[in-house]
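Before any comments, here is the structure.
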Amino acid sequence: MTGSTRTSDSSSPTVFARLLSEAGVSDTRFARQVNSRARMYHRIELGLARTTIGHWRRGMRPRDPMVAELAAAEVSALVGYPVLPADLGWRGTRFGREDLGLHVADSPGQTVRTLAGLSGRDMRRRDLMRDGTIFVASAFAEPVLSSMTGVIGRATAGAGEASANSAAVIRDMTATFRRLDARFGSGEIRSQVVAFLHDRTRAAMQGSPDAELCSALAELTQFGGWLAQDSDRHALAQRYYIQALSLAEHADDAQLAGRVLAAMSDQAGRLGHRRQSLSLARAAVDRVGRRATPAVAAMLHDKHAWALARIGDEAGCASSLAAMERAIERGRSGDEPAWAAHYNAGDVAECVGHCHLLLSKPERASEHLLEARQRQDPTRARTRSYAEADLALSYLRRDSPDLDAALDAAYRAVELASPVSSARVAEKMRELDGELGGHGDHGDVLAWRAAASPVLDRYPASRADSVGQAEI
């Protein structure tokens, strides 16, 4: 029963060895505790020996899936967050779709433990949430309902200076990471953000997270979800978003909860789940209500307008765009959250342009996207590149296409995208490349394609469309 089989050889320590070292547990003690667990839960004498644990450290794995489950459960108990056999490279009894992170917890402590497990697995497994695990649009239903009905447990108001300092560090680091992401894309910083998130959640497990700490962790976790989404890791992003929503609700932070719901809407829309995207966008606006500051209200109406444009609701989209413009015209209030500080008139113009393009109004789209070119923050390379690509598309989709103007915008898009590692930008560039295919024999088009190839090659096979179709 306790026999082992060999995995691929490696000179580096195995995940199992690293976790046992992290927990500070000897092979003898671990074998004793797994044997005790087997007696308690299965009423069997496993007879696991110290030498077997040593084999596992060096890359062997349990032959019996039940033994793998028992050992993984003991590792989980030692490190304080969920570890599954698959995380250790083993096959357990529940092999198949993983649901870690797809549910909301009753208490802040439980949510933090789930998030520590999720981020820990993300750090250790490069292919986490790729093989056998998919984005499930319906999985948003329970968290959203819990958010809208207020049934998620609230954290305490405040736990002292140490917690406040920890929250301040998290917010400052998140703001720094956001600036880097805007310039260079998710691919450059995601691993550092996940490591920081794991470290902060492990620290939060040592006590009882208060509302301020939950809010700061929610902000960081939402950003981690966005980075996973922008890296085309949609199943992972979905789980981060769900945990971010839970933390925002633990903190009773309505504006941040709305921000997370809007992020969920954006992800669902990109994957082709248009009705779910609209429902999530409306939930975001409703969750915040009249408590939204001007920039937050504009951000939420922005995502609502996108969702309406995707389903072709021109009147509804116009109404949401008008609400967005009214919100931004109110000016900034003194209590705008830091995560909304970047939103500006350039974002408003971009949103209007993108929506008109989705509604097959390319001339009006061009007008607003040209305005965005003048208004947008020059350091935000990804959003500017995306807008220039849509501007090029607007010129190509006119009744009388303007190829020269389209190529001018297309080259601007490539130049802006050159330092950016972003699946979202690569997907938009691929859309533009396909549109230019109708002019494939034109010398300038061929030259643009050569210039764009390095950007496209960073994400050579975008999975967003195929994932969305498979899961509708």
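Each reported figure results from applying straightforward, stated rules to the coordinates on display, with no laboratory input. Quantities reported herein were computed from a predicted structural model and do not represent experimental measurements. Every residue, glycine among them, receives a Cβ derived from its backbone with ideal geometry; neighbour counts consider all protein chains shown.
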What residues qualify as long-range amide H neighbours of M60, i.e. H under 5 Å apart, gap of 5 or more or another chain, H built at 1.01 Å from N? T7
Phi to ³J(HN,Hα) by Karplus 6.51 cos²θ - 1.76 cosθ + 1.60 over the range 181-186, Hz, x for Gly, Pro: 4, 4, 8, 10, x, 5
In nm, spacing of pseudo-spin labels at Q374 and D252 (7 Å Cα→C-beta vector): 4.7
Two-site label geometry, A77 and T149: point separation in nm, points 7 Å out along Cα→Cβ: 3.4
E367 to A23: FRET efficiency via 1/(1 + (r/R0)^6), r the Cβ-Cβ distance, R0 56 Å, to the nearest 0.05? 0.40
Would you mind computing, in nm to one decimal, how far apart the modelled labels at E188 and D399 are, each placed 7 Å from Cα along Cα→Cβ? 4.4
Using a cut-off of under 12 Å, list every residue of the range 233-269 whose amide N is near the label point 7 Å from the Cα of R291 along the Cα-to-beta-carbon line. 248-259
Shape parameters for the range 4-88, alpha-carbon atoms, Rg then Dmax in Å: 11.9, 37
For the chain, find the longest principal axis of its Cα atoms and tell me its angle to the long axis of helix 443-458, 0 to 90°, nearest 10. 20
Residue by residue through the range 339-351, which ³J(HN,Hα) values in whole Hz follow from phi under the Karplus form 6.51 cos²θ - 1.76 cosθ + 1.60 (θ = phi - 60°), with glycine and proline marked x? 6, 9, 5, 6, 6, 9, 5, x, 5, 4, 4, 4, 4
J(HN,Hα) series, the range 42-56, from Karplus relation 6.51 cos²θ - 1.76 cosθ + 1.60, nearest Hz, glycine and proline x: 10, 6, 10, 9, 6, x, 5, 10, 4, 5, 5, 4, x, 4, 5
Roughly how tilted is helix 254-270, in degrees to the nearest 10 and between 0 and 90, from the longest Cα axis of the chain? 80
Compute the Cα gyration tensor for the range 48-95, then decide on rounded, prolate or oblate, letting a ≥ b ≥ c be the square roots of its eigenvalues: rounded whenever a/c is under 1.5, prolate when a/b is larger than b/c in the other cases, and oblate in all that remain. oblate
Stretch R50-D64 to full length: gain in nm at 0.36 nm per residue minus the Cα-Cα span? 3.3 nm
Stretchable slack from V136 to D313, in nm (0.36 nm times residue separation minus alpha-carbon distance): 61.2 nm
With a/c under 1.5 counting as rounded, go ahead and sort the range 319-460 into rounded, prolate or oblate using the C-alpha gyration tensor (a ≥ b ≥ c being the square roots of the eigenvalues; past the cut-off, prolate if a/b is larger than b/c, else oblate). oblate
Can you compute the FRET efficiency between S208 and T176 using 1/(1 + (r/R0)^6), with r the Cβ-Cβ distance and R0 = 45 Å? Round to the nearest 0.05. 0.95
Angle in degrees between helix 362-375 and the longest Cα principal axis of the chain, rounded to the nearest 10: 70
